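Here is the structure we will look at.
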Amino acid sequence: MSAPRHSPGFCGQIACLLDILTPKVGNVSLNESFADASANDFLISAAAITPTLEAAPERPLGDTILEAIRRTSAVSRSNTNLGIVLLLAPLAKVFYTREPRVALGTVLESSTIEDSGRVYEAIRLAQPGGLGSVTEEDVSAPPTRPLVETMTLAANRDRIAFQYAHTFEDVFDFGLESLREAFRDNLSRNDAVALCHLRFMAHFPDSLIARKCGNDVARESSERARKLLDTGWPHGPSARQGFQAFDRWLRADGNRRNPGTSADLTVSSLFLAIRDGIIGLPELS
């Protein structure tokens, strides 16, 4: 694999920008806001975490995650990027390695209880929606296991935790390949990003929707995404109308059906696509 063309902070910021610039079903974008968050909150948050991602290769994983959330909390009134940070921090740490997926496995397996403690603190600071409580390794108490083990305990109910337990297989094998295929087929940037997001929703019921609305609603949203993709989206007028109808359904319950986990997975896929040159950007001098 060739050397990255850009730096981890740059790739992280651009991935976040592409995400918010793209109209995606049920998410915040330039023309769609939530009661507690607008596009400006996401854009400012992206800028805030850039220096932290830049330094990630040389820092412990837990330190990177906690600092990024502290920086975000200083500039944003809501949780704009906890999932994004949890996904980007490990990818940024292995950014310059020749085989990032192999290196990522080593990083995750060597995570410590101290990493868990810093991640727990970051989660408490971000206050994600629908978190609830669990009987084992709840974030309200000090951790007793290394980070990869605590994430493995949550992997069956949280798709971001699943990435830690399975070396980010959804991001590498699914999201990155979806973007590679979309750009190879000459889709526009917006369509490529929105398609990646829809595919994540269709294949993996969104775990943020599940936490906030229950598993039945998450499965229904996944089925609706599959049906939209089956129309041939993004091609054809009926596909576009279906996109708008799906978007309205997701927003109808006060934005509680926000497919935020799918968006976070899309951002991490964009990060890798920018790193690997799948999404072309001007060279920095």
Pairs under 7 Å by beta carbon, first residue at pLDDT 95 or above in the stretch 257-271, partner basic (K, R) and outside any helix (DSSP H, G or I), six or more apart or different chains? A263/K24
Within the stretch 7-28, is there a residue that is of a type in the set (A, V, I, L, M, F, W, C), surrounded by 24 or more Cβ atoms within 10 Å (Cβ to Cβ), in contact with a Pro (Cβ under 8 Å, 6 or more places away or on another chain) and part of a helix (DSSP H, G or I)? yes
Identity of the residue in the stretch 58-79, at pLDDT 95 or above and polar (S, T, N, Q), that ends up farthest from H166 (Cα to Cα): S73
Could you say whether any residue in the stretch 115-129 is in contact with a helix residue (DSSP H, G or I) (Cβ under 6 Å, 6 or more places away or on another chain) and closer than 24 Å to L176 by Cα? no
Checked against (1) at pLDDT below 95; (2) assigned to a helix (DSSP H, G or I); (3) not charged (D, E, K, R), P128 satisfies every condition except (2)
Over the stretch 42-60, the set of residues farther than 21 Å from S269 by Cα and either assigned to a helix (DSSP H, G or I) or among the small types (G, A, S) (or both) is E58
Taking the stretch 238-261 and keeping only residues that are touching a Cys at 6+ places or on another chain (Cβ under 9 Å) and surrounded by 19 or more Cβ atoms within 10 Å (Cβ to Cβ), one is left with R257
Hey, among S221, S140, S178, which residue is of a type in the set (S, T, N, Q) and part of a loop (DSSP other than H, G, I, E, B)? S140
Counting only residues that are free of Cβ contacts under 8 Å to residues at least 60 places away in the same chain and crowded, with 24+ Cβ neighbours inside 10 Å, how many does the stretch 200-213 have? 3
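The values are calculated or read from the model by the stated rules, or taken from the named source; none is laboratory data. Since the model is a prediction, treat every value here as computed from it, not as a measurement. Virtual Cβ from ideal backbone geometry, glycine too; neighbours counted across all protein chains shown.
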